[in-house]
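Engineer: Pasting in a structure now, in structure tokens, and then I'll have a few things to ask.
The values are calculated or read from the model by the stated rules, or taken from the named source; none is laboratory data. The model shown is predicted, which means the values in this text are computed figures rather than measured ones. No Cβ is skipped: glycine too gets one built from the backbone with ideal geometry, and neighbour counts run over all protein chains shown. We work out accessible area using only protein heavy atoms, side chains counted, and drop any ligands, DNA or RNA first. Shrake-Rupley method; radii C 1.70, N 1.55, O 1.52, S 1.80 Å.
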Amino acid sequence: ESLASYCYSSMFQSCTSLKTAPALPATTLAENCYQSMFYGCTSLETAPALPATTLAEYCYASMFNGCTALTSAPKLEATTLANYCYSNMFNGCTALTTVPQELPATTLKECCYDTMFMECTSLTAAPKLKAESLAKRCYQFMFFECTSLTSAPALPAETLAEYCYRSMFSGCTSLTEAPELKATKLVDNCY
């Protein structure tokens, strides 16, 4: 149940007829292990369960990028994140309508959610974000161009980091209300 660095990276990339993913039961990940695994699998309809609770650098980066038939994201229970761990994970999943109810990590890492749901144009609701300790670029472009998103999650952090919310909701043309911003001390390019 333990993976090695880059072990499944790009394994099924651009397999445009692949509809079902294999089970991925590993609970101990390694850097880049699932990176781009299903990138461009435009017929993939179901994502496998991802049970790991401790992540590694780039482990899920771009994993389902461009999977335009994918409608539901798996539950993501990780509480220990790593740099770029979810970066681009569902970027361009234009049919995605169901995402985890929450992303439970309370301490973030650099670019951990960067562009995670970018251009998921069918997404109407975002997961609950519990983090109170942010990192550089942690939420950068997270919901960029999610044109169907109607509500933004609460942002409970009071201490910010450089570029932490950069363009997080840019292009979300259906949003009607912004979340409360609790921080009293700003840092470079935070909003």
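Engineer: Arrange the residues Asp114, Asp188 by how much accessible surface each exposes, largest first, with a 1.4 angstrom probe.
Structural biologist: So the residues, ranked largest to smallest area, are Asp188, Asp114.
Engineer: Just one of (i) 86; (ii) 320; (iii) 124 is volume of the Cα convex hull per residue in Å³ calculated from these coordinates, so which is it?
Structural biologist: After the calculation, the listed value that fits is (i).
Engineer: Within region 8-99, what whole-number % of the accessible surface is contributed by carbon and sulfur, with the 1.4 Å probe and all protein chains included in the calculation?
Structural biologist: Numbers: 1730 of 3580 Å².
Within region 8-99, the accessible surface is 48 percent carbon and sulfur.
Engineer: So how exposed is Ser43, as accessible area in Å² (1.4 Å probe, rounded to 10)?
Structural biologist: Roughly 30 Å² of Ser43 is accessible to a 1.4 Å probe.
Engineer: So which residue, out of Ala78, Ala30, Ala178, gets the largest mean-square fluctuation from a GNM of the chain using Cα contacts under 10 Å as springs?
Structural biologist: Comparing Ala78, Ala30, Ala178 in a Gaussian network model of the chain, the most mobile one is Ala178.
Engineer: Choose one answer from Ser36, Ser87, Ser122: the residue with the largest mean-square fluctuation in a GNM of the chain with alpha-carbon springs under 10 Å.
Structural biologist: Taking springs between Cα atoms under 10 Å, the residue moving most is Ser122.
Engineer: Remind me, relative contact order of region 72-157 in percent, using alpha carbon pairs under 8 angstrom and six or more residues apart?
Structural biologist: Taking the mean separation of contacting Cα pairs over the length of region 72-157, I get 30 percent.
Engineer: Using the alpha-carbon centroid of each, what span in Å lies between region 69-85 and region 133-173?
Structural biologist: Spelled out, the Cα-based centre of one part sits 16 Å from the other.
Engineer: List the lysines whose Cα sits under 26 Å from the Cα of Lys75, skipping any in the same chain fewer than 8 residues away.
Structural biologist: Leaving aside lysines fewer than 8 places away in the same chain, those within reach of Lys75 are Lys19, Lys109, Lys128, Lys130, Lys136.
Engineer: If you average 1/r over all unlike Cα pairs in region 124-168 and invert the result, what Kirkwood radius do you get in angstrom?
Structural biologist: One over the average 1/r among Cα pairs gives 11.0 Å for region 124-168.
Engineer: Note down the magnitude of the dipole of the chain about its Cα centre, charges +1 on Lys and Arg C-beta and -1 on Asp and Glu C-beta and zero elsewhere, to the nearest 20 debye.
Structural biologist: I would put it at about 80 debye.
Engineer: Okay, next question. Which of Leu134, Leu18, Leu108 moves the most in a Gaussian network model of the chain with Cα springs under 10 Å?
Structural biologist: Largest GNM mean-square fluctuation: Leu18.
Engineer: While we're on this one: Rounded to a whole number, what % of the accessible area of region 122-191 do carbon and sulfur atoms account for, probe 1.4 Å?
Structural biologist: Taking all protein chains in place, region 122-191 shows 44 percent carbon and sulfur surface.
Engineer: Same structure again: Can you give the Rg/Rh ratio of region 98-191, where Rg is from the C-alpha atoms and Rh is the Kirkwood radius?
Structural biologist: Radius of gyration over Kirkwood radius for region 98-191 works out to 0.93.
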